[in-house]
Amino acid sequence: MSDIKNQIKRLRDEIDRHSDLYYQKSAPEITDQEFDELLKRLQDLEEKNPDLITADSPTQRIGGKAEGFEPFTHRVAMMSLDNSYNIDELRKFDERCRKLADGREFTYVAELKIDGLSLSLHYKNGVLIHGVTRGDGTTGDDVTPNAKTIRTIPLKLKTDAPDELEVRGEAFIAKSVFKTINKELADKGEKTFANARNSASGTIRMLDSAIVASRRLDLFPYDVLSGNQKAFETHWKNFKFLKKAGFNVNPHHRKCDDIEGVIEFCNEMEKKKEDLDYDIDGIVVKINETALQDEFGATAKSPRWAISYKYPAMQATTKLNSITIQVGRTGALTPVANLEPVLLAGTTVSRASLHNEDEIKRLNIKIGDTVLIEKSGEIIPQVIKVIESKRTGIEQDYEFPINCPVCGFDAARPEGEAVTRCTNDVCPAKIKGRLGYFSMRKAMDIEGLGEILIQQLVDGGRVKDVSDLYTLDVETLSNLERMAEKSAENVYEEIQKSKEKGLQKLLFGLDIRHVGERYSKILANHFRSMEKLSEATVEDLEAIHEIGEKVARSVYEYFREERNQKMIARLKDAGVKMEVDADSSVNLDENFVGKIFVLTGKMENYTRGEAAKLIEERGGRVSSSVSKKTDYVLAGEKAGSKLAKAESLGVSILSETEFVEFIS
Ligand SMILES: [Zn+2]
């Protein structure tokens with residue numbers, strides 16, 4: 001029994017460690033899939049040993065579907081804060097505070113105003129029992145099952161605490177996660193969220209906590225209450241406690257002796273805020289001393305001891321003059337709004353993204369409309385909405401094109417997809433895009449092959465696909481307009497140099513659908529040469545751990561296309577290296593290179609994902625079924641038919657212990 005107990009503890013520790021790596025350190029070591037596998041293993045063990053389930057086990061974050069949410073009345077109202085929009089107003093706030101303090105000394109704490117939604121978390125004897133939205137400030141919704149899915153909210157406090165404790169914080173979705181969510185929604189043809197804040201508040205109210213869990217909400221805590229009172233004598237002490245209790249405390253907060261220190265912090269963070277992976281819309285300034293907070297009290301709507309300082313508006317209204325369609329390397333037709341230039345957060349903006357046809361329909365945009373635009377960390381601002389009250393009647397409807405504006409071929413939008421694409425394989429816009437992609441640093445790294453040069457080469461008919469780059473000589477290059485002899489030589493040298501980049505970078509540069517940096521690496525390490533990869537069947541590809549059907553099919557189909565086959569042949573003839581690059585061979589182990597492993601049964605120390613990773617890192621391959629080609633079967637406990645088949649075929653069988661020796 002104690003063995004299982006230990007196993008459960010080890011799994012919980014491991015899951016907690018990976019959660020921590022993901023959220024606190026932003027440095028995950030395993031994939032989401034592998035994480036889920038660990039969780040599943042723990043769940044299985046706990047199911048068989050229900051007496052070992054504890055309130056703080058990571059499995060307790062997995063809830064079911066709710067019918068609806070119960071209202072919950074806050075013990076202490078969740079008030080909103082007064083806003084200040086410039087430094088003068090901040091100084092006036094300071095004057096009011098000093099007057100109220102009447103000569104007594106005090107300090108300020110400045111912290112980020114996270115653009116998310118407030119949650120109130122109730123702990124009883126250290127265990128999370130309620131998670132409640134702010135609602136109208138007096139009553140919110142009890143969304144406990146959803147709050148539990150937020151991995152940075154401890155289910156059990158990690159430090160001593162009063163019997164009843166309330167923690168308040170701001171739940172949010174990281175910008176990077178938000179992008180993924182929207183991409184997935186768009187891929188499924190569903191409605192996307194306008195910004196990360198909307199996605200966070202929409203998510204927390206979903207009835208299916210499994211979806212909530214997949215959205216990876218996060219939370220920064222900012223206050224601790226014990227009963228109706230603040231838990232500590234200063235606000236600063238909250239942060240220290242919260243950290244110890246296991247919360248994800250935002251690192252950007254500062255204790256300031258006076259308002260000048262606060263102003264300094266505001267200015268510092270304004271410069272840094274675009275680099276943060278979450279949205280903030282200002283700084284919250286609070287009196288640090290709880291006794292003074294209590295004494296100052298509140299007006300009907302907000303406390304007198306706190307204020308929020310808002311950064312200059314990231315929104316503006318302007319006129320939409322026209323819509324231009326850009327065609328990218330995948331042939332996607334992307335509408336861009338051309339705007340009457342307007343000043344927004346310090347820069348002049350004259351263009352905004354409109355994403356796709358549906359977005360134009362959703363916004364109901366007409367040419368000549370007045371629109372609200374917003375900048376939120378993105379380089380290109382977004383159109384948020386049309387100000388319909390400003391319409392004069394001369395605005396014109398917009399028709400999304402049915403032809404590619406670059407080559408005139410039909411543009412098609414497959415059923416269920418949001419994106420319209422040019423159907424011409426050799427559309428100049430696609431060729432230019434592919435060349436730009438091919439020469440990127442992450443791919444073949446051809447310096448000097450810039451946008452203008454690519455344009456000249458494609459428009460002049462010199463280059464029709466990436467293989468034509470290797471037919472260029474110095475003379476051809478230097479005969480191009482605005483191309484000096486010296487730069488022609490440099491570009492030529494760069495192109496020659498790129499031949500040695502190796503399989504991984506070449507694969508990435510070829511821009512096979514769904515094959516980005518990570519899959520290029522996996523495929524290169526697995527197959528070692530373009531020839532082997534091009535011969536792989538969908539089954540061969542799918543047998544690789546981490547490669548799903550979508551990627552497998554896409555790779556398979558890429559190599560079946562005659563145009564691609566010919567291009568690769570030309571690249572090869574030009575001397576472009578078609579084998580794996582030396583760099584990625586460093587960790588190879590000759591016991592593993594080219595060997596095919598099949599995993600079966602349950603191992604004590606590894607999930608299958610972990611074992612597969614160890615094998616693949618060393619140059620081995622993992623296949624899902626045993627055949628004569630199989631070199632080793634790694635058999636864990638309760639190995640079934642695969643083990644029997646391996647024995648009958650005479651395939652070498654490794655136990656977990658032998659495997660551990662093998663890899664070390
Ligand atoms: Zn086209």
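Some values worked out for this structure:
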quantity	calculated
Region 619-664, residues that are open to solvent by 30 Å² or more (accessible area, probe 1.4 Å), in a loop (DSSP other than H, G, I, E, B) and under 21 Å from Glu590 (Cα atoms)	Lys628, Lys629, Asp631, Ser655, Ser664
Residue within region 571-581 that is modelled with pLDDT under 85 and either open to solvent by less than 10 Å² (accessible area, probe 1.4 Å) or in contact with an Asp or Glu (Cβ under 9 Å, 6 or more places away or on another chain) (or both) present	yes
Subset of region 231-262 that is free of Cβ contacts under 8 Å to residues at least 24 places away in the same chain and out of contact with any strand residue (DSSP E or B) (no Cβ under 6 Å at 6 or more places or on another chain) - its residue that is surrounded by the fewest Cβ atoms within 10 Å (Cβ to Cβ)	Pro251
Residue satisfying condition, being within 16 Å of the ligand (Cβ to nearest atom), of a type outside the set (Ser, Thr, Tyr) and open to solvent by 30 Å² or more (accessible area, probe 1.4 Å), within set Val474, Val458, Val419	Val419
Looking only at region 158-202, and only at residues there that are among the small types (Gly, Ala, Ser) and part of a loop (DSSP other than H, G, I, E, B), the one that is nearest to the chain's Cα centre (by Cα)	Ala174
Condition met for Lys432 (open to solvent by 30 Å² or more (accessible area, probe 1.4 Å), within 16 Å of the ligand (Cβ to nearest atom), closer than 22 Å to Val515 by Cβ and not aliphatic (A, V, I, L, M))	yes
Residue within region 350-365 that is of a type in the set (A, V, I, L, M) and more than 30 Å from the chain's Cα centre (by Cα) present	no
Strands (runs of 3 or more DSSP E) enclosed by region 296-353 - at least 3 residues per element that are open to solvent by 20 Å² or more (accessible area, probe 1.4 Å) and not hydrophobic (A, V, I, L, M, F, W, C)	315-327, 333-344, 347-353
Flag if Leu52 is surrounded by fewer than 17 Cβ atoms within 10 Å (Cβ to Cβ), closer than 23 Å to Lys156 by Cα and outside the structural domain of Gly246 (by TED's automatic domain parsing)	yes
Test: residue in region 372-395 that is open to solvent by 50 Å² or more (accessible area, probe 1.4 Å), under 25 Å from Asp115 (Cα atoms) and of a type outside the set (A, V, I, L, M, F, W, C)	yes
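Quick grid of which residues meet (1) in a strand (DSSP E or B); (2) in contact with a strand residue (DSSP E or B) (Cβ under 8 Å, 6 or more places away or on another chain); (3) hydroxyl-bearing (Ser, Thr, Tyr):
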| site | (1), (2), (3) |
| --- | --- |
| Met78 | no, yes, no |
| Asp88 | no, no, no |
| Arg91 | no, no, no |
| Glu95 | no, no, no |
| Glu105 | no, no, no |
| Glu111 | yes, yes, no |
| Ser120 | yes, yes, yes |
| Tyr123 | yes, yes, yes |
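The values are calculated or read from the model by the stated rules, or taken from the named source; none is laboratory data. From a predicted model like this one, the values you see are computed outputs, not experimental measurements. Every residue, glycine as well, gets a Cβ built from its backbone with ideal geometry; the counts of neighbours run over all protein chains shown. These accessible areas exclude ligands, DNA and RNA; they are computed on the full protein's heavy atoms, side chains included. Shrake-Rupley method; radii C 1.70, N 1.55, O 1.52, S 1.80 Å.
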